[in-house]
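All remarks here apply to the structure that follows.
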Amino acid sequence: MTADSREEILHRIRKGLGKGEGGEGKDPYPPEPGSSSAGAEPYGDGLARVFEESLSGIDTSVYRAGRDGVLEFVTGFIKERGVKSFSIWETEYLESLGIAESLEGGGLDIAPAEDKAGIAGTGIGITEADYAIADTGSLVLLSAPGKPRGVSLIPPVHLAIVRKENILSDMWELFGVLNGIYESHDAIPACTTFITGPSRTADIELNLTLGVHGPKELHVLIVS
């Protein structure tokens, strides 16, 4: 994707949201997919492409699968890396995919999501991303019971699974969505984590090291 086509997609999205380039908008919600103009790229597909491009510039690997292919991808991904243990968010969506049961059945040890000491000994943490921000390649994780931030921060490898419909154009759209879900700002989870690439740490001489204060590897699976 060229820089011009990327900007054209984002411009079209902002226009559909009623926003100017400065980010102020009349309506925080995206247009219905059927309302796009003739010949325009579908809203979700355009955002996914921008999101993928953003991820490619921040040392993050990105993959795609349909819902039926998620389990096969995850088991193959872990087998390739020789991981022996894992931790995973305990959410309705991830449980519906059968990931934990399949990995345990394959002989891997599981550390419960709330067991910080156990998570520290695992090889990979698997989470959902509640939302993703296309223009920065950021993941948004909202902590809640069964969804602690330790699963995404402690293991050396983080695999985040994001549904394509939860990819948003920018922070303004995210704020609009959250305002529509929660009755007040105080109701938004106090621990809302934004993840943009793997952990990076630089010393006084600006030598950059990955994985010192968080995962060394970040992998994102977009599910259609």
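The values are calculated or read from the model by the stated rules, or taken from the named source; none is laboratory data. Computed from a prediction, not measured in an experiment: that's the story for all the values here. Cβ placement follows ideal geometry from the backbone for every residue including glycine, while neighbour counts extend to all protein chains displayed.
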Segment 167-195: number of residues that are crowded, with 17+ Cβ neighbours inside 10 Å and within 30 Å of Asp109 (Cα to Cα): 2
Thr127 being surrounded by 19 or more Cβ atoms within 10 Å (Cβ to Cβ) and either modelled with pLDDT of 95 or more or in contact with a strand residue (DSSP E or B) (Cβ under 8 Å, 6 or more places away or on another chain) (or both): yes
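Going by what's in this entry, would Thr122 be described as among the polar types (S, T, N, Q), under 24 Å from Phe86 (Cβ atoms) and modelled with pLDDT of 95 or more? Show your work before the answer.
Numbers: among the polar types (S, T, N, Q): yes; under 24 Å from Phe86 (Cβ atoms): yes; modelled with pLDDT of 95 or more: yes.
Considered against the rule, which asks whether it is among the polar types (S, T, N, Q), under 24 Å from Phe86 (Cβ atoms) and modelled with pLDDT of 95 or more, Thr122 comes out as yes.
Quick one: which helices (runs of 4 or more DSSP H) sit completely within segment 41-117 and have at least 2 residues that are surrounded by fewer than 16 Cβ atoms within 10 Å (Cβ to Cβ) and at pLDDT 95 or above? Spell out the reasoning first.
Numbers: elements: 43-56, 70-81, 92-97, 99-105.
Once the helices (runs of 4 or more DSSP H) in segment 41-117 are filtered for at least 2 residues that are surrounded by fewer than 16 Cβ atoms within 10 Å (Cβ to Cβ) and at pLDDT 95 or above, what remains is 70-81, 92-97, 99-105.
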Residue within segment 22-38 that is surrounded by fewer than 16 Cβ atoms within 10 Å (Cβ to Cβ), modelled with pLDDT under 95, out of contact with any helix residue (DSSP H, G or I) (no Cβ under 8 Å at 6 or more places or on another chain) and in a helix (DSSP H, G or I) present: yes
Failed item, numbered, when Asp135 is tested on (1) under 15 Å from the mean Cα position of the chain (by Cα); (2) not in a loop (DSSP other than H, G, I, E, B): (2)
Sole residue being at negative phi, in contact with a Phe, Trp or Tyr (Cβ under 7 Å, 6 or more places away or on another chain) and acidic (Asp, Glu), chosen from Glu72, Glu128, Glu90: Glu128
Number of positions in segment 164-187 that are part of a loop (DSSP other than H, G, I, E, B) and in contact (Cβ under 8 Å) with a residue 24 or more places away in the chain: 2
Every residue from segment 162-189 that is within 16 Å of Ile222 (Cα to Cα) and touching a helix residue (DSSP H, G or I) at 6+ places or on another chain (Cβ under 7 Å): Lys164, Glu165, Ile167, Leu168, Ser169
